[in-house]
Amino acid sequence: MALRLLAAAVVGIACFGPINTRAAELAASTEVNPIQQAVQRGADIFAHDQFGGVRTCGTCHADGGRAAGKLPNGAAVPSLVGAAAAFPRFAPRLQRVITLSQQFDRCITGGLEGQPPAPGSPELVDLETYVTSLSKGAVMGPQFK
Ligand code: HEC
């Protein structure tokens, strides 16, 4: 009986154990894994890609987005550490709720003076992966009551 219970528990853990096991294994592994590769490609896009415009993300968001700063006109540039965890959020200037990728579109159109790639394009996925990696461990959803 005890053995059966034990067997059931083992099967239970195997089937219904933490669904993030594979993600955790990949995160812990020292080999370069797909999510880490996406983070690296995204960091490269953040630093170098102009999307047909005249700036990069890094022009305004210093230190790979980790530093807060100011534009030449004095407007505040927020640090992107923890930013992804606070999307979707209300954008006062637009008077509506926007997603993280809509914020990217705003920065690409307005900040870079470039052309946003199609939603779901590989570049945007890599960029989103990189910016979201800056929220590792941040509290998700501080904007919600
Ligand atoms: C010309 C300067 C400039 C450039 C270039 C720029 N941004 Fe921004 N970004 C800002 C400013 C200013 C804000 C704050 C105002 C706002 O939310 O629009 C901001 C806000 C953001 C936010 C929201 C932060 C928060 O806490 O709400 C994200 C995410 C972001 N930018 C990502 C990017 C990415 C990714 C790129 C490159 C594709 C980029 N930005 C390029 C100036 C810029």
Open item on the list: of a type in the set (Val, Ile, Thr), closer than 26 Å to Lys145 by Cα and either modelled with pLDDT under 80 or touching a Cys at 6+ places or on another chain (Cβ under 7 Å) (or both): is that true of Val77 in this structure?
Closed with: yes
- [ ] Kindly indicate whether any position in segment 132-141 is more than 10 Å from the ligand (Cβ to nearest atom) and outside any loop (DSSP other than H, G, I, E, B).
- [x] yes
Task: Among (1) over 18 Å from Arg55 (Cα atoms); (2) of a type outside the set (A, V, I, L, M, F, W, C); (3) surrounded by fewer than 15 Cβ atoms within 10 Å (Cβ to Cβ) - the single one Ser133 does not satisfy - done: (3)
Open item on the list: Condition first: surrounded by fewer than 16 Cβ atoms within 10 Å (Cβ to Cβ), near the ligand (Cβ under 10 Å from one of its atoms) and in contact (Cβ under 8 Å) with a residue 60 or more places away in the chain. Now tell me which residues in segment 77-122 satisfy that.
Closed with: Glu113
Task: Every residue from segment 50-76 that is within 7 Å of the ligand (Cβ to nearest atom) and in contact with an Asp or Glu (Cβ under 9 Å, 6 or more places away or on another chain) - done: Phe51, Arg55, Thr56, Cys57
Task: Any chance Gly58 is within 30 Å of Glu25 (Cα to Cα), of a type outside the set (Asp, Glu) and surrounded by 13 or more Cβ atoms within 10 Å (Cβ to Cβ) - done: no
Open item on the list: Just to be sure I understand, how many residues within segment 89-136 are over 23 Å from Ala47 (Cα atoms), at pLDDT 95 or above and not polar (S, T, N, Q)?
Closed with: 8
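The values are calculated or read from the model by the stated rules, or taken from the named source; none is laboratory data. Computed from a predicted model, the values in this text were never measured in an experiment. All Cβ positions, even for glycine, are placed from backbone atoms using ideal geometry, and neighbour counts span all protein chains on display.
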